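The values are calculated or read from the model by the stated rules, or taken from the named source; none is laboratory data. Given the structure is predicted, the values throughout are model-derived calculations rather than measurements. Glycine gets a Cβ as well: all are built from the backbone with ideal geometry, and neighbour counts include every protein chain shown.
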Amino acid sequence: MPVRIDETWQKRLTFQVDAFAVRTRESCRISKRSSEQNLPILHHQTLNILRRLPSHGEDINPNIPVRSVINVDGLSVDGKINLTATTGLIGEGYVGQGLGNYAGNIFQTYHPETYAVIRGRGGFLELFHYWNDRLQVHVGYGVEGPLRQDLPAVGTGILKNSAYFASMFWDVTKFLQYSFQVDYRQTDYVTLNDNRGLVFYNQFLMRY
């Protein structure tokens, strides 16, 4: 059977509101309520952070509050458009602050010294093509990172993650699929040496 893809512009937008109450020293407990509708993804969360109290003999820095409250907000939109019956684009973008709990901003939520919230943005764009009903390829680029002024001047803070990727999926039979992917990844740190590297993936999938 030949591949058939709906040629109309397809967009999938969802809406989610999360109410969190977080109190933490070295671990945290999260209470979450969410709802979903056909709208852009919106997030709001409040973090109530309790700083580790100094042990005997340590001085308290008066410039750092013992307790900090930060708002976590984010907006994410993703979409898909079919350019032809076998080729299309998929993309997603987000902006927000304090999104480390959602794996955004490279897992960086707040400044480790001042407890100020960290803002950031990211997204990806992917081109896909179905050669036939057994072979498909995907190529794209993704990037994310916080704002430089929100990160500490020293330390292991990550300024940007980005990656170019290309993958192939081949249904050898109706029971066996082979896939292959190549990534070129880049990580830019605030003070540490930046990293670059190629990653290769091979996968066999058995269907029963």
Under the condition of being in contact with a helix residue (DSSP H, G or I) (Cβ under 8 Å, 6 or more places away or on another chain) and not small (Gly, Ala, Ser), which residue from region 113-148 is nearest to residue 166 (Cα to Cα)?
144
Filter region 71-93 down to residues that are in contact (Cβ under 8 Å) with a residue 40 or more places away in the chain and surrounded by 19 or more Cβ atoms within 10 Å (Cβ to Cβ) and give me whichever is nearest to residue 129 (Cα to Cα).
88
Take the residues of region 92-119 that are in a strand (DSSP E or B) and either of a type in the set (D, E, K, R) or modelled with pLDDT of 95 or more (or both): which is farthest from the chain's Cα centre (by Cα)?
119
So, of the residues in region 137-184 that are charged (D, E, K, R) and in a strand (DSSP E or B), which turns out to be surrounded by the most Cβ atoms within 10 Å (Cβ to Cβ)?
144
Need the failing condition index for residue 75 against (1) aliphatic (A, V, I, L, M); (2) in a loop (DSSP other than H, G, I, E, B); (3) modelled with pLDDT of 85 or more, just the number.
(2)
Does residue 183 qualify as being of a type outside the set (Gly, Ala, Ser), modelled with pLDDT of 95 or more and either farther than 28 Å from residue 203 by Cα or more than 13 Å from the chain's Cα centre (by Cα) (or both)?
yes
Output the residue which, of all residues in region 99-114 that are in contact with a Gly (Cβ under 8 Å, 6 or more places away or on another chain) and free of Cβ contacts under 8 Å to residues at least 60 places away in the same chain, is surrounded by the fewest Cβ atoms within 10 Å (Cβ to Cβ).
107
Which residue pairs have Cβ atoms closer than 8 Å, lie 6 or more positions apart in sequence or on different chains, and pair a first residue in region 192-208 that is under 29 Å from residue 153 (Cα atoms) with a second residue that is part of a loop (DSSP other than H, G, I, E, B) and among the basic types (Lys, Arg)?
none
For residue 135, are the conditions met, namely being of a type outside the set (Lys, Arg), farther than 20 Å from residue 204 by Cα and in contact (Cβ under 8 Å) with a residue 24 or more places away in the chain?
no
Tell me, please, whether a residue that is assigned to a strand (DSSP E or B), polar (S, T, N, Q), at pLDDT 90 or above and in contact with an Asp or Glu (Cβ under 6 Å, 6 or more places away or on another chain) can be found in region 125-136.
no
